[in-house]
Amino acid sequence: MGASEAQRRRWGVPVLLVAYVGYVGLGAGVLQALERPAEVQAARRLLQQHWELLANHTCLRGAALQRLIQGIIEAYKSGVTLQGNTTSLGRWDFSGSFFFSISAITTIGYGNLSPSTVAGRIFCILFALFGIPLNLVLLNEIGQVMLLGVQRCAHRLEEMFRWKIKAALLMKTCALVSGLLLFLLLPPLLFSDKEGWTYEEGFYYSFITLSTIGFGDYVIGMNPDRTYPGWYKNVISLWILFGMAWLALVIKFCINLLESSSDFCQCNKKSTELAEDLMDDGKNSMTGLHDVESCNDKDTETKGPDECHIYTAPAEAL
């Protein structure tokens, strides 16, 4: 059993690695085909606007304009944007800092905001070092509570209606549908109201956030032209926490499904091999019996019965 398991592991890792690289390569090819033309077009448009600005305003110098653009980029990374003759602040207030802390220990890491001071960066390292394990433990506990609730509801339905398989299937379906509503389908409506995004953009942000991919192209509470209520980022932080736990259960279910299908295929393979081995053993047994009978026929004339009995024992063991 141990040898077969080791053999499965030895061949399973290379197969999974090939599938992984192939899947990533497929994604890279599709994304390159879809996004590369838009990137080239945006670069050309930016360069054209740059030269038009220099041509229309001859008092501007290329080096000075480049420094201004660089300063605007660095300020935006720090959370500061220009609004007429003033600047907007608020990304590092308490609610903004709280949301950044959540995005750090959940490993979402949007990338739109990061500490700019040395002390802030050192604290961020230490904070994440202890915060990430704490977050994983909490997510595991929340997931177990969700799973326990589903199992209890299924057990009650089984007792009330005498259902067995139907109760478990019904509760899993209800948990999946309710999770889809609470964490993926309904939140985009809130984002459309508070951020001005389309429903598709809100759904995209929801999945990218809860799966901890966190590209950073869409982040809540970052539009300087909008006023956000004080509860907004705190509610979104709780949504992220419970949504990640729910999505982790869904991903775990998919992993178990894949492993079950792999074990099923492996079991079928072992059954086929076992059947072939039994057939081979049957042939060998028949051959052994035939040899023993030949021995009895030949040796009865020359040898005693005790010596022939020695050859019949292996045949009985088979």
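The values are calculated or read from the model by the stated rules, or taken from the named source; none is laboratory data. On a predicted model such as this, the values are computed, not experimentally measured, just so you know. Virtual Cβ from ideal backbone geometry, glycine too; neighbours counted across all protein chains shown. Protein only, heavy atoms only, side chains kept; ligands, DNA and RNA dropped before computing areas. Shrake-Rupley method; radii C 1.70, N 1.55, O 1.52, S 1.80 Å.
Please verify whether segment 176-192 includes one or more residues that are open to solvent by 90 Å² or more (accessible area, probe 1.4 Å), modelled with pLDDT of 90 or more, within 19 Å of I251 (Cβ to Cβ) and assigned by the TED database to the domain that holds I240. Checked against the condition, which is being open to solvent by 90 Å² or more (accessible area, probe 1.4 Å), modelled with pLDDT of 90 or more, within 19 Å of I251 (Cβ to Cβ) and assigned by the TED database to the domain that holds I240, segment 176-192 yields at least one hit. Are any residues in segment 150-175 over 16 Å from F253 (Cα atoms), of a type outside the set (A, V, I, L, M) and either at pLDDT 80 or above or open to solvent by 80 Å² or more (accessible area, probe 1.4 Å) (or both), and if so, which ones? R152, C153, H155, R156, E159, F161, R162, W163, K164, K166, listed by residue number. Looking at Y205, Y218, Y232, just one residue is open to solvent by less than 40 Å² (accessible area, probe 1.4 Å), in the same structural domain as I132 (by the TED database), free of Cβ contacts under 8 Å to residues at least 24 places away in the same chain and closer than 20 Å to G96 by Cα, and that residue is Y205. Just one of the listed residues (T227, T212) is open to solvent by 40 Å² or more (accessible area, probe 1.4 Å), at pLDDT 90 or above and among the polar types (S, T, N, Q), namely T212.
So, in segment 107-158, of the ones that are in a helix (DSSP H, G or I) and among the aromatic types (F, W, Y), which residue ends up nearest to the chain's Cα centre (by Cα)? For segment 107-158, the residue satisfying everything is F130. Here is the figure for segment 130-143: residues that are open to solvent by 30 Å² or more (accessible area, probe 1.4 Å) and either within 23 Å of I208 (Cα to Cα) or in contact (Cβ under 8 Å) with a residue 60 or more places away in the chain (or both) total 8.
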